[in-house]
1. Take the conditions under 16 Å from the mean Cα position of the chain (by Cα), open to solvent by 40 Å² or more (accessible area, probe 1.4 Å) and among the hydrophobic types (A, V, I, L, M, F, W, C) and apply them to residue 67. Does it pass?
2. Evaluate the range 140-151: report whether one residue or more is among the hydroxyl-bearing types (Ser, Thr, Tyr) and open to solvent by less than 30 Å² (accessible area, probe 1.4 Å).
3. I'd like to check something: does the range 20-43 contain any residue that is modelled with pLDDT of 95 or more, open to solvent by less than 40 Å² (accessible area, probe 1.4 Å) and under 15 Å from the mean Cα position of the chain (by Cα)?
4. Could you list, ordered by first residue, the pairs with Cβ atoms under 8 Å in which the first is in the range 130-152 and on the phi > 0 side of the Ramachandran plot and the second is outside any strand (DSSP E or B) and buried (at least 19 other Cβ atoms within 10 Å of the Cβ), at least 6 apart or interchain?
5. Within the group 127, 79, 135, which residue is modelled with pLDDT under 95 and either open to solvent by 30 Å² or more (accessible area, probe 1.4 Å) or closer than 30 Å to residue 161 by Cβ (or both)?
6. Go through the range 87-110 and give me each residue that's open to solvent by less than 30 Å² (accessible area, probe 1.4 Å), closer than 22 Å to residue 1 by Cβ and either over 17 Å from the mean Cα position of the chain (by Cα) or not β-branched (Val, Ile, Thr) (or both).
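The values are calculated or read from the model by the stated rules, or taken from the named source; none is laboratory data. Given the structure is predicted, the values throughout are model-derived calculations rather than measurements. Positions of Cβ are backbone-derived with ideal geometry, glycine not excepted, and every protein chain shown enters the neighbour counts. To get the accessible areas, we keep the full protein, side chains included, count just its heavy atoms, and leave off ligands, DNA and RNA. Shrake-Rupley method; radii C 1.70, N 1.55, O 1.52, S 1.80 Å.
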Amino acid sequence: MRKVSAHLFSSLDGVVENPGAFQFGAFGPEEGAAMARALAPVTDVILGRTLYDEWSDFWPKHPGDGFAEFINPVVKYVASRTLTAPLAWENSRLIDGNLLDFVQDLREGEGGDISVNGISVVRQLLAAGLLDTLALTIHPVQVGSGKRLFDQLTDPLRLELVDSQITSVGNAMLTYRKRPE
């Protein structure tokens, strides 16, 4: 079975929306190395519609960037109730039907790891038990307002820490998986 994972940047007060507004350039060599390791086995990416809109407008225009070299050619599946096919960004496909069923089918198929991006999509897969790992890079800043990952999750969700690192720029990189029942 293929591994399904998500990685979000977070403030100390749990805001995961628009991390560029609070990262303040705090992305050091450890963060870059961790991203490279995490993305190396990924062959498929799942995006929420909002993130798809943002990234499809930005990343094709920045081909020399290391992340652009990964995200532009990779197969991207987009969860949306408003977009229609075909999608303009290369290798982008609209998810047809139920997101949870799609992810379950995708993880049982052939290929490498699956990366999930977008707050709503991550939240839904986390609640459904379909995320194998959740990585959070926590920046030492309080933001105050913005979307938080756990805001709409009402049932208890038990996680266990499987890896942690404090980086040279002061971020805490934490990786969790769902705690076995």
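1. Answer is yes for this residue.
2. No: zero hits.
3. Among the residues of the range 20-43, at least one is modelled with pLDDT of 95 or more, open to solvent by less than 40 Å² (accessible area, probe 1.4 Å) and under 15 Å from the mean Cα position of the chain (by Cα), which makes the answer yes.
4. Partner pairs satisfying both residue conditions: 146/16.
5. Residue meeting the stated conditions: 127.
6. 99, 106, 107
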